[in-house]
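Everything below concerns the one structure shown next.
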Amino acid sequence: MPTETNEPNKLDKLITLCKQRGIIYPGSEIYGGLANSWHFGPYGAVLKNNIRQAWLKHFVFSRSDVVLLESAVIMNPKIWEASGHLQNFTDPLVDCKRCQKRFRADHLLEAKSLEPGYSREKPVDWSEIRCPECGGELTEVRQFNLMFKTHIGPVEEAGSEAYLRPEHAGGMFTDFKIIQQTLRRRLPFGIAQIGKIFRNEITPGNWIFRTREFEIMELEYFVEPDAWQPAFTMWLEAMKTWLKSLGVKESELVFHEIEDGERAHYSKRTIDIEYNYPFGQKELYGLAYRTDYDLSQHAKYSGQDLSYTDPISGQTFMPHVVEPSMGLERTMLVTLLSAYHEEAAPTAKAGETETRIVLKLPLHLAPVQVAVLPLSKNEQLSAPAQQLADSLRPQFVVEYDETQSIGRRYRRQDEIGTPFCITIDFDTLQDKAVTVRERDSMKQERIALDQVISYLSTKFKVN
Ligand code: GAP
């Protein structure tokens, strides 16, 4: 059964599953929807939160050199002037003169480069590029700023203009000095942040891959000017081990060194970690060496001294920065794609099998950790099953379900990635033991009721 590769229709299957199983819904659906906006349903919200917590553990709490920040979404607009976002945070836009559809010029060039005779290096004659929808002539390329503009206060005048943050870096750079001083930090150290950011993307799409509001998990790692290369290597390794911990196979990843002229305006070196999605090989994460560009710019525009003095050498300099940046929704997408499996599973009839869909999520990410399922809807079984579920709830995320056949309830839990199902049957009333079914192997074990908590604690490695 083809479940290992990211075949093109795997995405459609995953989208359907996520809608049916309360993981991700189309946004604003009862009003006809809002294109490219998604709501994370009850299980999706927990999965997302588990990814956040795992990221914090991996990149912040398991280290002594990174601290957390939560800066504002709307900040002084001068931040975006200083960082170059007002000027440079643009995508090239073209319109079709015939069908009026809008495209990102760089995406059209990328597509053209895939054709024989073209390469990324070879400049393309723009007059040869036509509308991919209707073949019509395209307009000249215009630069379109991706920042969402808003107004502070009741009057929409020039002086009240502000922007929703298009990345976290602005807040982390402008707070560098106060964090360094109040937390008495020495270089190297990092500031991490997770939260929503907003970009008025020209061509959002591919489900949660490219949207206009999304979360980023990123950090700015401040180092001495000549120490950026080892830091760059260290963070690349940290990103690789992180992806492995999500169940993402290294064979699905491509490490793409971004050439001169294609990097963001602030970067001197960038590696994009690309993933082999069902819709093609595209960016998953970015790792950038931002030099001292941002701190120098903010020092210049704010008039504040943002330099650092080394307490041992007494040298004063502007720190340089390495920035690993990871989209939360893209993380969720590759985690789900890696977890999605279809395989043959036995039915109640001897010798017969059916296809089961199972999300083989890493244990620490599963939205429901344990399902308690009485064998059938029967008062004699419900009471002890409810009791067991209640006793597990202080330590585990538990779901109790007594409707439908046991087989269908197992399938449902498989489809949301629940690692353990506990069944209470009539034998339980006599032997005070339950059946624990493991999601991936479907193996069943009989465990004494009073051993269930310690059994699960060992499995989840919690005490
Ligand atoms: N501070 C650097 C920065 O923001 P970026 O490559 O523009 O870098 C970081 O964005 C990450 O955010 C990307 O690697 C990707 O994972 C995610 N990302 C970027 N644009 C996105 C979008 N429109 N929708 C969802 N995720 C996005």
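Remarks
- Filtered by the rule that a residue be within 16 Å of the ligand (Cβ to nearest atom) and under 21 Å from PHE420 (Cβ atoms), the range 327-359 gives THR335, LEU336, SER338.
- Residue count, the range 357-400 (criterion: in contact (Cβ under 8 Å) with a residue 40 or more places away in the chain, in a strand (DSSP E or B) and under 28 Å from ALA54 (Cα atoms)): 6
- Residues considered: GLY22, GLY41. Of these, the only one that is surrounded by fewer than 20 Cβ atoms within 10 Å (Cβ to Cβ) and either without any contact (Cβ under 8 Å) to a residue 40 or more places away in the chain or among the polar types (S, T, N, Q) (or both) is GLY41.
- So LYS249, is it away from the ligand (no atom under 15 Å from the Cβ), touching a Ser or Thr at 6+ places or on another chain (Cβ under 9 Å), assigned by TED's automatic domain parsing to the domain that holds ARG185 and under 21 Å from LEU365 (Cα atoms): yes
- Among residues of the range 11-53, those that are over 19 Å from GLN413 (Cα atoms) and hydrophobic (A, V, I, L, M, F, W, C), counted: 6
Here's the yes/no breakdown for (1) surrounded by fewer than 14 Cβ atoms within 10 Å (Cβ to Cβ); (2) in the same structural domain as THR331 (by TED's automatic domain parsing); (3) touching a strand residue (DSSP E or B) at 6+ places or on another chain (Cβ under 8 Å); (4) without any contact (Cβ under 8 Å) to a residue 12 or more places away in the chain:
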| residue | (1), (2), (3), (4) |
| --- | --- |
| GLU157 | yes, yes, yes, yes |
| GLU167 | no, yes, yes, no |
| GLY171 | no, yes, yes, no |
| ARG186 | yes, yes, no, no |
| ILE197 | no, yes, yes, no |
| TRP207 | no, yes, yes, no |
| ILE216 | no, yes, yes, no |
| TYR221 | no, yes, yes, no |
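- When the test is whether a residue is basic (Lys, Arg) and touching a Ser or Thr at 6+ places or on another chain (Cβ under 6 Å), ARG263 passes it.
- Across the range 402-411, the number of residues qualifying as buried (at least 18 other Cβ atoms within 10 Å of the Cβ) and either under 31 Å from the mean Cα position of the chain (by Cα) or under 18 Å from LEU365 (Cα atoms) (or both) comes to 2.
- Subset of the range 20-47 [in contact with a Phe, Trp or Tyr (Cβ under 6 Å, 6 or more places away or on another chain) and outside any loop (DSSP other than H, G, I, E, B)]: ILE24, HIS39
- Candidates PRO324, PRO319, filtered to the one that is within 16 Å of the ligand (Cβ to nearest atom) and assigned by TED's automatic domain parsing to the domain that holds GLU213: PRO324
- Residue that is modelled with the lowest pLDDT [pool: residues in the range 252-271 that are surrounded by fewer than 19 Cβ atoms within 10 Å (Cβ to Cβ) and within 11 Å of the ligand (Cβ to nearest atom)]: ALA264
- Within the range 222-246, tally of residues that are farther than 22 Å from TYR277 by Cα and within 12 Å of the ligand (Cβ to nearest atom): 0
The values are calculated or read from the model by the stated rules, or taken from the named source; none is laboratory data. As the structure is a prediction and not an experimental result, all values here were calculated from the model. Methodologically, a virtual Cβ is constructed for each residue, glycine included, from the backbone with ideal geometry; neighbour enumeration extends over all protein chains shown.
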